[in-house]
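The values are calculated or read from the model by the stated rules, or taken from the named source; none is laboratory data. Note that the structure is predicted; figures quoted are calculated from it, not measured. Positions of Cβ are backbone-derived with ideal geometry, glycine not excepted, and every protein chain shown enters the neighbour counts. For the accessible areas, the whole protein counts, side chains as well, though only heavy atoms, and no ligand, DNA or RNA atoms are used. Shrake-Rupley method; radii C 1.70, N 1.55, O 1.52, S 1.80 Å.
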Amino acid sequence: MGLFGSTGLRAGVIGTGSVAETAHIPAYLNHPKTTLAAVAELDEGRRESVVSEYDIGSGYRDGKQMLEEENLDLVSICTPAGTHRDLFLAAAKAGCHIYCEKPLTTSIESAERMAEAAAEADVITQIGYTRAYVENYQAVLAMKAHHLLGDIKRVRVHRVRSPPAGGWNFDPEMSGGGVVADQLGHILDFYIRVFDTAPDVKSVTLERLDIPNVEDYAEITLEFDGVPVELLLHWTPYAKHHRNLLVSTRGLLEFNLESLNGQIQGETVAQKYGKQPFVDLRGEFRAWWGGSNDFHDARVTDFIDHVLEDNYDTVAPIQRGVEVTQIIADIYNRSELQ
Amino acid sequence: MRTLVTGGTGYIGSSLLRRFPPAYSPVVLVRDESRTELLPDTVETVQGDITDYQSVETAMADIDVVVHMAAVNPGSRNSPNITSSVSDSVFRKVNVQGTKNVLDAAEDADVDSVVYLSTTKAHPDVDAADISMYVRTKSEGGDLFKNDEFSFDYSIIHPTYVMGPRDYRLKRYEPFRSAAANTVLIPPLYTPGRINIVHVDTVADSILYYLNNPTNNHHMVSGPNINRKRFAKELASLSSRRTIVSDVPFRNILLPLGVKTIDAIGLANVDASRLVLDSQTGIVPEVQEQRAPVSRKSWQEAVQDTWEWYEDVGLL
C-alpha cells in the first residue's frame, strides 16, 4: 500500500476539450497510481459522452463545485485561458495540486495572484508548456548543455498553422490575445531553457489579417543575452509550417516537433521523434520507420510523478508561467496593432 | 604536486583532468580561444600559448611536473583560426617549436618530469609507410627530448585510436551514427579494415603513471588490433535496433565499380573518394598490442562509453 492508499491519487479534469482528451484524461487513466475521479464540462452532451466513454466516476457542470465535493488530490485545468484564474484559485483553496494548461491566464495581475495562491496553499503546480518533453527539443538542450553548439548566434522560429478549433481563441476576453497568446508560451519556455535567461523584447509587429478581434500574424524579435531570436507566428487556414533554425558557432540545427536536422562540427544530425533513420546511405538516401510524439502523456505523467514524490520542482511551475505571461504582456504593450 | 597541463581542453585532456588524484594540483595552460567550458569547474588555469615562449616560461613558475599534449592535428577543431586544413608551417610552429618552448621552459623551471603525448605512427616500432605532416611533426617533437640534454626525466606516450566519453569535437561520431542509423550495416556503411582502440581513461591513467615513473623512453598505450567488422558488430549490438552486420563479397571490385556507375550515369551524386574501403587505424605490431602500465579498460568498454556519451548529449 502506497502513500496514498491502494486507490492512489484522486484526479479531476476541468474542461474536456481536445487537450484534455489527448493529454490529461489518458494520462490519469493509465497511470497506475491515479484514479480519474471526476471531470467538469459546461457542455452537457460532451460531458455525458466523456463520462461514459472513459467510465469516469462523476461529471460536473461546474469545476468549482467538483473541487468542493470530490476531495481531489490533483486537478488539470483545460478550459479557455480567461477562466483559469478563478478555477486555479479554487483548486488551490481546495488543496489540489494543479496542472494548468497554457496560456496560463490573460493578464500578469492574474498570473501573480495565482502564484501567490499556489504558494499559500502549498500545492505543486505545472503549466502546460510542452517542448521540454519533445525528443528533438530535448536533444537540442542536451547538445547545448554539453557545449557541442558553441555560442548560439541567431535563432529563427516560424510557426504557421491553421487557427485553433476552439472558438474562444478569437475572443480576447477569454484568450488574452491571438496567435501570440496561443503559441508564444511554448517558444518562450523553450528558449528560456536554452539560454537560461529571460529575453528582452526588441521589436513587435502584430497584425489582424483575417481574424477581426485578435492578431493572427506576429513578427517579434527577442534578445536573449544579446542573441537575436526572430519569431514569425501566423494563423493561416490549411497551412502547416513549423521551423526552428538555430545558428551557432559550431553548426546549424533545424528542428520542429517531428524532425531534427543539421550539422554540428561537420557531423550530420538527422533524427525524427528522437530516433535515427533505419537506413541512411551516407546521406544520399535516408528513411525512418514509424515514430510519433508521446510528449502529451509524458508531461502529465511527469506531473503526477512529481506529486507522488512531493516534489515541487516540476518542469514548468507557476513561477515559469508568471515569467512567460509577463513577457507576453510586454509584447502586447509594445505593439501597435495594425 | 603542481602539474602544468597543455592541451587540457582536448579529448584526452578532458578525461585526464577528471582523473587526477588529490595529491596533484593540475594547472591548465589555456589560450584566449581555448574552450575552457570543457574543463572541470574547479581546475586552475593559466593564460598562455606554447608558441609564445615567454608565456610558457611564466606559466612554468612553481611547476613540478608537466603533461604536454597541446598540438594541432588534421581537421583540428580547436580554434576558429584553425579549420579543416592546417598548413605545414602551422604544424611545425605548434607541434615542433611549441614543444621546444615547453621543454626549454621546463628545463629553466627545473621540473622533475615531463610526459609527452605523441601518436601511434610516431612510435619507433611502427613502420608507417605514409607519414602525414601531423605524424612527422609529432615525431620531431619527440626527438627533441633525445637531441637536447635536459635534466628532467621524460616519457613519450603513443596511444592508438582513443575512444571514450567527452568527444566534444565529434571526431569519432560518424561510425556510431552510421551504426545507429542503419538496420543493415554493410560496407561502405562501415569501413572495412583494422583498428586498434584504446579507452581514454587508460590513456589518462597511463599519463599519470608515467608522470610518477618516468622511463626516458617511448611507450605504446594500446588495445588489441581488431578487424573493423568486429568494431561494427560491437556498435550494432549497442543500437536499439537489431542491426545486422555483413561483409560484402568482392567489395574491393564490385562496390566501387557500382558506386562509380551510379555517379557516372547521374542516378545519384556519390563521391567515390568518400568510400574508404580499407582503413588501418592505430594498428601496431603484435608485440605492441594491449600495452599499458595500468589496468586497462577493454576496447568494448571504450566503444560502449563513447556510445553512451553520444546518447547523453542528444546525438544518438
Q | Qualifying residue in region B:232-242 (condition: exposed (fewer than 14 other Cβ atoms within 10 Å of the Cβ), more than 28 Å from the chain's Cα centre (by Cα) and either more than 12 Å from residue B:179 (Cβ to Cβ) or modelled with pLDDT under 80 (or both)) | A | yes
Q. For region A:231-244, what are the residues that are open to solvent by less than 50 Å² (accessible area, probe 1.4 Å) and within 20 Å of the chain's Cα centre (by Cα)?
A. A:231, A:232, A:233, A:234, A:235, A:242, A:244
(Q) Which of the numbered conditions does residue A:129 fail, given that it passes all the others? Conditions: (1) assigned to a loop (DSSP other than H, G, I, E, B); (2) within 14 Å of chain B (Cβ to nearest Cβ). (A) (2)
Q) Within region A:160-179, is there a residue that is open to solvent by 40 Å² or more (accessible area, probe 1.4 Å), free of Cβ contacts under 8 Å to residues at least 12 places away in the same chain, more than 30 Å from residue B:310 (Cβ to Cβ) and not in a strand (DSSP E or B)? A) yes
Q: Among residues belonging to region B:140-185 that are facing chain A (nearest Cβ under 10 Å), out of contact with any helix residue (DSSP H, G or I) (no Cβ under 8 Å at 6 or more places or on another chain) and open to solvent by 30 Å² or more (accessible area, probe 1.4 Å), point out the one that is farthest from residue B:236 (Cα to Cα).
A: B:174
Q. Looking at residue B:272, is it at pLDDT below 75 and among the hydrophobic types (A, V, I, L, M, F, W, C)?
A. yes
**Q.** One residue from A:79, A:35 being touching a Lys or Arg at 6+ places or on another chain (Cβ under 9 Å) and open to solvent by 20 Å² or more (accessible area, probe 1.4 Å)
**A.** A:35
Q. So which pairs qualify, if the first residue must be in region B:305-316 and facing chain A (nearest Cβ under 8 Å), the second must be among the basic types (Lys, Arg), the Cβ gap must be under 8 Å, and the two must be at least 6 apart or on different chains?
A. B:315/B:177; B:316/B:177
